[in-house]
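Notes follow the structure.
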Amino acid sequence: MPELPEVETVRRGLAPVMVGARFDRVELRRADLRFPLPPNFVSRLEGARVESLDRRGKYLIASLSTGESLIMHLGMSGRFTVEAGATPRPGKFYFAERAAPRHDHVIFHMQGDKGRTRIVYNDPRRFGLMDVAGIGGLQSNRHMKGMGPEPLGPSFTAAVLAAALRSRTAPIKGALLDQRVVAGIGNIYACEALFRAGISPRRKARSVSGARSARLHRALIDVLSEAIEAGGSSLKDFAGSDGALGYFQHRFQVYDREGLACSLCDAPVRRIVQAGRSTFYCGACQK
């Protein structure tokens, strides 16, 4: 599932063609994704201008001139493709062709200063979602409510992280995946950050304090920032809005490297399962 860096990459690709443009026409190929689309979805968007396109955790949020907000989540296989008017993003890895059109479920026909642009949402597994939050209702929306701080925002400090972990007896890896602790972290970047911080994924979350929480705080910021710069990680389904693949997967130090030598000590990278998810780590370097 796309994590914060992948969603931020998509946001940066969509912003130039969405912000300032209006929904001239919204084309639905089905009435639901993971959940049914909200009532009057098309009429609430058509004619509205996109004032801003932001990201909250793993969600994209388009603030509309009507005072409402369009909330979008990519799920496991969702992908936005800009078919006209896109600014190419530098990168080395590209899909040979666009995803199968039979999975094009929602199409935004945008009208802006630079002309018309067609934005296609394709989602083979249909685990993504779209919702519209009413005027002033974004913070109370079921998808936003209770979400933790943004890891790249000023409110996320080592002290805030330590306080969020203080009463948690679950392993630290699982705590990082809890969106109430910190927004946007998923399996890949939790593994990579814990490796950089030298913290075992098995360690109880409440024991990550002081110097440990400071190391983890810095590792989270660094790994997320580097992944955004690289355009995210492309494993199976993810691509940017211009079709380009991310390439942070070429920098993984532990994730998906079971049995390969640790880059620091040459011990083999281990894989365990925690809460149904694969965890990769170095048993020698991470304590």
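Suppose we keep only residues that are in contact with a strand residue (DSSP E or B) (Cβ under 8 Å, 6 or more places away or on another chain) and part of a loop (DSSP other than H, G, I, E, B) within the range 115-132. Which one would you say is most open to solvent (accessible area, probe 1.4 Å)?
We begin by selecting, within the range 115-132, every residue in contact with a strand residue (DSSP E or B) (Cβ under 8 Å, 6 or more places away or on another chain); these are 116-123, 126, 128-132.
Retained after the next criterion (residues that are part of a loop (DSSP other than H, G, I, E, B)): 123, 126, 128.
Numbers: D123: 0, R126: 82, G128: 0 Å².
By that ranking, first place goes to R126.
Tally up the residues in the range 90-122 that are farther than 19 Å from F23 by Cβ and either modelled with pLDDT of 90 or more or out of contact with any Ser or Thr (no Cβ under 8 Å at 6 or more places or on another chain) (or both), please. It would help to see each step written out before you state the result.
Of the residues in the range 90-122, the ones farther than 19 Å from F23 by Cβ are 90-103.
Applying the additional criterion that residues be either modelled with pLDDT of 90 or more or out of contact with any Ser or Thr (no Cβ under 8 Å at 6 or more places or on another chain) (or both) yields 90-92, 94-97, 100-103.
Total satisfying the criteria: 11.
Do we have L194 as open to solvent by less than 10 Å² (accessible area, probe 1.4 Å), part of a helix (DSSP H, G or I) and under 23 Å from M144 (Cα atoms) here?
Details: open to solvent by less than 10 Å² (accessible area, probe 1.4 Å): yes; part of a helix (DSSP H, G or I): yes; under 23 Å from M144 (Cα atoms): no.
In short, no.
Give the residue, chosen from L161, L152, that is in contact (Cβ under 8 Å) with a residue 60 or more places away in the chain and at negative phi. So that I can check it myself, show each step before the final result.
Working: L161 fails: in contact (Cβ under 8 Å) with a residue 60 or more places away in the chain.
Residue meeting the stated conditions: L152.
If you go through the range 151-161 one residue at a time, do you hit one that is within 24 Å of Q274 (Cα to Cα) and either open to solvent by 10 Å² or more (accessible area, probe 1.4 Å) or out of contact with any Leu (no Cβ under 6 Å at 6 or more places or on another chain) (or both)?
Initial filter on the range 151-161 (within 24 Å of Q274 (Cα to Cα)): 151, 161.
Those left that are additionally either open to solvent by 10 Å² or more (accessible area, probe 1.4 Å) or out of contact with any Leu (no Cβ under 6 Å at 6 or more places or on another chain) (or both): 161.
Looking through the range 151-161, at least one residue is within 24 Å of Q274 (Cα to Cα) and either open to solvent by 10 Å² or more (accessible area, probe 1.4 Å) or out of contact with any Leu (no Cβ under 6 Å at 6 or more places or on another chain) (or both).
Considering only residues of the range 200-220 that are closer than 19 Å to F156 by Cα and not in a helix (DSSP H, G or I), which is least open to solvent (accessible area, probe 1.4 Å)?
Here the residue is V208.
Return the pair list, or none, for Cβ contacts closer than 9 Å from residues in the range 221-232 that are open to solvent by 10 Å² or more (accessible area, probe 1.4 Å) to residues that are small (G, A, S), at least 6 apart or on different chains.
Matching pairs, first to second residue: I221/A193; D222/A193.
The values are calculated or read from the model by the stated rules, or taken from the named source; none is laboratory data. In this text the structure is predicted, and so the values were computed from the model without any measurement. Backbone-built Cβ (ideal geometry, glycine too); neighbour counts: all protein chains shown. Remember, those area values only see protein heavy atoms, side chains included, never the ligands or the DNA or RNA. Shrake-Rupley method; radii C 1.70, N 1.55, O 1.52, S 1.80 Å.
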